[in-house]
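Trainee: Dumping the structure here so I can ask a few things about it.
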Amino acid sequence: MTRRRLPGPAELEAARTRTIRDVLPGPDDPPLRVLFSGINPGLVSAATGHHFARPGNRFWPVLHRSGFTPRQLAPAEQGELAALGLGVTNLVARATARADELTAAETVAGGKRLRALVAEHRPAWLAVVGVTAYRTAFGVRGAAIGRQDEAWGGTRVWVLPNPSGLNAHWTVEAMAGEFARLRAAT
């Protein structure tokens, strides 16, 4: 197995001006079962063009351990999600080193963009990874991890723990269990 080269400091700094394309099903793919929404791209993700690409981010292992994917995908294989009825987007397009670099106004504006994306693509479930970002974007102060009471048209909403390695109080096993609860609901 070849180890991928990580972007250097200059590449990471240049990534602050980049965005990442959403992973959404095409016309030959099954309907969108779950649209996963990250908070915003990290610099490694923006530099590579792949969601959840920073080493230490646990999204891809957790997605597999929870049963959403038949094997653990690498970030560069994100396009394979569409054939599984899965998609990936972000609340905010701006890349940062840490999500706490975003302003509340950016997060609220991102929530409006996400509502429009959901209205257009009509996934069965929207899964927002990051409870604090969810609370800020949608003004739901008491939101907790798990299924939310609200639905957006025919789309139900689930909040998942943030898989960033910076969210150390959630283990891979605990996150996989929460992702598996969502998978069971789909």
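Trainee: Starting with the highest mean, order 110-119, 142-151 by the number of other Cβ atoms within 10 Å, averaged over the residues of each peptide.
Mentor: Per-residue mean Cβ counts within 10 Å order the peptides as 110-119, 142-151.
Trainee: For a quick check: with amide H placed at 1.01 Å from N, whose amide H comes under 5 Å from Phe36's, ignoring anything fewer than 5 positions away on the same chain?
Mentor: The list, which skips near neighbours in sequence, is Gly87, Val88, Thr89, Ala127.
Trainee: Report the antiparallel proportion of the DSSP beta bridges in region 46-186 as a percent, rounded to a multiple of 5. Provide the component values of the computation, followed by the final result.
Mentor: Numbers: 4 of 9 bridges.
Counting only bridges with both partners in region 46-186, antiparallel ones make up about 45 percent.
Trainee: Just how many % of Cα pairs in the chain lie over 24 Å apart, if you round to the nearest whole percent?
Mentor: Details: 5652 of 17205 pairs.
Considering the chain, 33 percent of its Cα-Cα pairs are separated by more than 24 Å.
Trainee: Just to verify a number: what accessible area does Thr171 come out at with the full protein assembly present, 1.4 Å probe, Å² rounded to tens?
Mentor: That residue has around 70 Å² of solvent-accessible surface.
Trainee: Let me ask another. Take the chain, connect every pair of alpha-carbon atoms lying under 10 Å apart with a spring to form a Gaussian network, then pick out the residue of His121, His169, His51 with the largest mean-square fluctuation.
Mentor: Of His121, His169, His51, the Gaussian network model singles out His169 as fluctuating most.
Trainee: Could you point to the residue in Pro123, Phe138, Ala180 farthest towards the positive end of region 81-186's charge dipole, with +1 and -1 charges on the Cβ of Lys/Arg and Asp/Glu respectively?
Mentor: In region 81-186, that residue is Pro123.
Trainee: Next question. Per residue, how much accessible surface does region 21-112 expose to a 1.4 Å probe? Answer in Å², no decimals. Provide the component values of the computation, followed by the final result.
Mentor: Numbers: 3850 Å² over 92 residues.
Dividing the accessible area of region 21-112 by its residue count gives 42 Å².
Trainee: Using a Gaussian network model of the chain whose springs link C-alpha atoms within less than 10 Å, name the residue from Val140, Val62, Val159 with the highest mean-square fluctuation.
Mentor: With Cα springs under 10 Å in the chain, the top fluctuation among Val140, Val62, Val159 is at Val140.
Trainee: Output the antiparallel fraction of DSSP beta bridges having both residues in region 107-186, as a percent to the nearest 5. Before the final figure, lay out the partial values.
Mentor: Numbers: 4 of 9 bridges.
The answer is about 45 percent antiparallel.
Trainee: Next question, about the same structure. Excluding Glu178 itself, what net charge comes from residues whose Cβ is under 15 Å from its Cβ, given Lys and Arg +1 and Asp and Glu -1? Before the final figure, lay out each step's value.
Mentor: Details: positive: Arg58, Arg65, Arg147, Arg181, Arg183; negative: Glu173.
Neighbour charge sum, excluding Glu178 itself: +4.
Trainee: On the accessible surface of region 87-186, probed at 1.4 Å, how many percent belong to carbon and sulfur atoms?
Mentor: The C+S portion of the solvent-accessible surface of region 87-186 is 53 percent.
Trainee: I want to check the label-to-label distance for Ala144 and Glu80. Put each point 7 Å from Cα in the C-beta direction and report it in nm to one decimal.
Mentor: About 3.6 nm, to one decimal.
Trainee: Applying the Karplus parametrisation 6.51 cos²θ - 1.76 cosθ + 1.60 with θ = phi - 60° to the phi angles of region 67-81, what ³J(HN,Hα) value in whole Hz is obtained for each residue in order, glycine and proline being reported as x?
Mentor: Working through the residues one at a time gives x, 6, 10, x, 8, 6, 7, 8, x, 5, 9, 4, x, 5, 5 Hz.
Trainee: Using the beta-carbon distance between Ala168 and Ala104 and R0 = 30 Å, what value does 1/(1 + (r/R0)^6) give for FRET efficiency, to the nearest 0.05? Can you show the working numbers first?
Mentor: Details: r = 24 Å, r/R0 = 0.80.
Approximately 0.80, to the nearest 0.05.
Trainee: How much area per residue is accessible in region 125-183 when the probe is 1.4 Å and only protein heavy atoms are counted (Å²)?
Mentor: Working: 2670 Å² over 59 residues.
Per residue, region 125-183 has an accessible area of 45 Å².
Trainee: To continue, here is another question. Quote the charge dipole size of the chain about the Cα centre in Debye, to the nearest 20; the model charges only the Cβ of Lys and Arg (+1) and of Asp and Glu (-1).
Mentor: Result for the chain is approximately 160 debye, rounded to the nearest 20.
The values are calculated or read from the model by the stated rules, or taken from the named source; none is laboratory data. Since the structure is predicted, the reported quantities are computational estimates derived from the model, not experimental observations. When we count neighbours, we look across all protein chains shown, and the Cβ atoms used for this are built from the backbone with ideal geometry, even at glycine. Surface accessibility is based on the protein's heavy atoms, side chains included, excluding ligands, DNA and RNA. Shrake-Rupley method; radii C 1.70, N 1.55, O 1.52, S 1.80 Å.
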